[in-house]
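**Q** Okay, handing you the structure first.
The values are calculated or read from the model by the stated rules, or taken from the named source; none is laboratory data. All of these numbers come straight from a predicted model, not from anything done at the bench. Methodologically, a virtual Cβ is constructed for each residue, glycine included, from the backbone with ideal geometry; neighbour enumeration extends over all protein chains shown. Keep in mind that these areas ignore ligands, DNA and RNA; they rest on the heavy atoms of the full protein, side chains included. Shrake-Rupley method; radii C 1.70, N 1.55, O 1.52, S 1.80 Å.
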Amino acid sequence: MDNSDYQNDGQLMTDEELKAKLESMSNDEVLDIYMQSLLIEKGYTDLDEETENQMIAELKERATDMINFSIIDALPDDKAEEVSAKIENGEDAVEAMNAAIAEAGVDAEKITGEALEKFRELYLGEEKTEE
């Protein structure tokens, strides 16, 4: 991954250009960029590409687990049990989760954002203070 994700013809993108680019990207691509930014914030700025990609993959796996657990935790107990039963019966986990989210009216986008923020705080060793 390189800085071209944030640039347009060598210039930094405007907020509008960045928003349009992000909206056209898959969730996986957005997570790649988010994890890369965490590595930079953590001070890992001179990693070779292979190491950086491996670290991004590991961070994404951990963050995805945190997001999934947060969403399951937000589901009503009956929906969480339903998802678990569907997965145990061999159904696709993503489809089962999406159906339960839709049926329960859970704000998965909000929960995902909160989980990523918590993940960021944990990874960077920051504690959020209440004001």
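**Q** Going residue by residue through region 117-128, is there one that turns out to be among the acidic types (D, E), over 30 Å from G43 (Cβ atoms) and out of contact with any Asp or Glu (no Cβ under 9 Å at 6 or more places or on another chain)?
**A** Going through region 117-128, the residues among the acidic types (D, E) turn out to be 117, 121, 126-127.
Going one step further and asking which of them are over 30 Å from G43 (Cβ atoms), we end up with none.
Scanning region 117-128 turns up no residue that is among the acidic types (D, E), over 30 Å from G43 (Cβ atoms) and out of contact with any Asp or Glu (no Cβ under 9 Å at 6 or more places or on another chain).
**Q** For region 85-107, give me the residue count where each residue is open to solvent by less than 90 Å² (accessible area, probe 1.4 Å) and part of a loop (DSSP other than H, G, I, E, B).
**A** Result for region 85-107: 5.
**Q** Conditions: (1) open to solvent by less than 60 Å² (accessible area, probe 1.4 Å); (2) in a helix (DSSP H, G or I). F69 meets all but one. Number of the miss?
**A** Against the list (1) open to solvent by less than 60 Å² (accessible area, probe 1.4 Å); (2) in a helix (DSSP H, G or I), F69 comes up short only on (1).
Per-residue answers, yes or no, for (1) open to solvent by less than 50 Å² (accessible area, probe 1.4 Å); (2) within 26 Å of E126 (Cα to Cα); (3) in a helix (DSSP H, G or I):
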site: I33; (1), (2), (3): yes, yes, yes
site: E58; (1), (2), (3): no, yes, yes
site: V83; (1), (2), (3): yes, no, yes
site: E109; (1), (2), (3): no, yes, yes
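**Q** Suppose the filter is of a type in the set (V, I, T) and open to solvent by 80 Å² or more (accessible area, probe 1.4 Å); does I40 pass it?
**A** Against the criterion (of a type in the set (V, I, T) and open to solvent by 80 Å² or more (accessible area, probe 1.4 Å)), I40 qualifies.
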